[in-house]
Amino acid sequence: MDLREQLVLIKRVKALADTGLVYSEDDFNRERYNELREISLELLSLISDVPLQSWQEFLMPVKEYPTPKVDVRGFVLNKKNQILMARESADGNWAIPGGWADIGFTPTEMVVREIEEETGLTTAVERLLAIYDKKCHPHPPQPFYVYKLVFLCRIENGNIQHGFDMEGAAFFDVDSLPMISSDRILESQIEQLYKLAKEDHPVYFD
C-alpha cells in the first residue's frame with residue numbers, strides 16, 4: 001500500500017470519528033470516537049513528519065457531518081488556443097485559475113470571480129468540463145478530501161494582470177506548459193481538459 005492509499009484510509013477513519021462525535025450522545029461512545037480521532041491524527045503525523053500538535057491545531061473537531069472540500073477552476077483559451085494560467089505565490093508554480101469554493105456563491109459565480117482576481121480577465125462560463133476526485137489522481141498528499149470542478153470559460157473583456165496574491169498570469173501552449181503546481185492541477189489533467197474543451201465530449205468525472 002503506497003502513501004496515497006494510506007492517506008485515504010486515514011481520512012476515512014478521521015471522517016468516521018468526526019461523524020460519531022457529531023451524532024453520538026453517549027459518553028462512552030464519544031470517548032471511543034475521540035480516541036479514534038486522535039489515532040487518525042497520530043497516523044497523519046507519522047506519514048507526514050508534521051508534529052501531532054500541529055495537526056490537532058489545524059484540524060479542529062467538526063460540529064457537523066464531514067464532507068469533501070470543493071475546489072473550482074476555470075479553463076480559458078485565447079484566440080490562439082493558448083491556456084490561461086496563474087503563478088501561485090505558495091510554491092512559485094503555475095495552475096489554471098481557481099480556488100476553494102466560498103459559501104454564498106454558485107460554482108459558476110465562484111470560478112468567474114477567481115479568474116478575474118487571479119488574472120484580471122472577465123469571463124463567462126460555457127460548460128462544465130470535469131469533476132475530479134483528487135484521490136483518483138496523483139496529486140501530492142494533503143489532509144483534506146477534495147473534489148475539483150473545472151469549467152470551460154470564454155474571455156469577455158479585460159487585460160491580463162496577476163492578482164495581489166499571485167506572482168504572474170500568462171497564456172501557454174498546451175505543448176509548452178510551465179512548471180505545474182501539482183497540488184492544484186496536473187499536467188495530464190490540463191492535456192485532458194484541452195481535448196475536452198476543443199471537442200464535444202461528455203463531462204469527465206472521477
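Taking a 22 Å limit on the Cα-Cα distance, which of the listed pairs Lys14/Lys135; Lys148/Lys198; Lys69/Lys195; Lys69/Lys134; Lys80/Lys198; Lys11/Lys134 fall beyond it?
Lys69/Lys195
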Exercise for the section: Measure off 7 Å from each Cα along the Cα-to-Cβ vector at Ile131 and Asn78, then give the distance between these two points in nanometres to one decimal. Expected result: 3.3
Handout entry: Distance (nanometres) between label positions extended 7 Å along Cα→Cβ at Gln161 and Ile47
Key = 4.4
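Just want the ordering: Tyr147, Tyr23, from fewest to most Cβ atoms lying within 10 Å of their own Cβ.
Starting with the residue having the fewest Cβ neighbours, the order is Tyr23, Tyr147.
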Practice task
Determine the percent antiparallel among the DSSP beta bridges restricted to the range 45-179, to the nearest 5.
Solution key: 75
Practice task
Would you work out the charge dipole size for the chain about its Cα centre, treating the Cβ of every Lys and Arg as +1 and the Cβ of every Asp and Glu as -1, and quote it to the nearest 20 debye?
Solution key: 480
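Tally Lys and Arg at +1 and Asp and Glu at -1 over the other residues with C-beta under 11 Å from the C-beta of Ser89: what net charge comes out?
That sum, taken over residues with Cβ under 11 Å, equals -4.
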Exercise for the section: Compute the Cα gyration tensor for the range 87-206, then decide on rounded, prolate or oblate, letting a ≥ b ≥ c be the square roots of its eigenvalues: rounded whenever a/c is under 1.5, prolate when a/b is larger than b/c in the other cases, and oblate in all that remain. Expected result: rounded
Practice task
Grab the Cα-Cα distance for Glu117 and Ala90, subtract it from 0.36 nm times how many residues apart they are, and report the gain in nm with one decimal.
Solution key: 8.1 nm
Practice task
Compute the length gained on full extension between Arg154 and Phe171: take 0.36 nm times their separation in residues and subtract their Cα-Cα distance, giving the result in nm to one decimal.
Solution key: 4.8 nm
Fill in the blank from the handout: With label points set 7 Å from each Cα along the Cα-to-Cβ direction at Leu3 and Val203, the distance between them in nm comes to 3.3
Fill in the blank from the handout: By the C-alpha gyration tensor axes a ≥ b ≥ c (rounded if a/c is under 1.5, else prolate when a/b exceeds b/c, else oblate), the shape of the range 135-206 is oblate
Problem - Within the range 1-89: Cβ-based charge dipole about Cα centre, in debye rounded to nearest 20 (Lys, Arg +1; Asp, Glu -1) - result: 860
Practice task
Among Pro202, Val22, Leu129, pick out the residue whose Cα is farthest towards the positive end of the charge dipole of the chain, where Lys and Arg carry +1 and Asp and Glu carry -1 on C-beta, about the Cα centre.
Solution key: Pro202
Practice task
May I ask you to derive the relative contact order of the chain, considering only C-alpha pairs under 8 Å and at least 6 residues apart, and to give it as an integer percent?
Solution key: 22
Exercise for the section: Give, as a single signed number, the net charge of other residues whose beta carbon lies under 15 Å from the beta carbon of Pro51, with Lys and Arg counted +1 and Asp and Glu -1. Expected result: -4
Problem - Estimated [θ] at 222 nm from DSSP helical runs (n ≥ 4, -39500 (n - 2.57)) normalised by residues in the chain, nearest 500 - result: -12000 deg cm²/dmol
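Each reported figure results from applying straightforward, stated rules to the coordinates on display, with no laboratory input. Bear in mind that the values here come from a model prediction, so they are computed numbers and not experimental data. Neighbour counts are summed over all protein chains in view; Cβ atoms, including those assigned to glycine, are modelled from backbone coordinates with ideal geometry.
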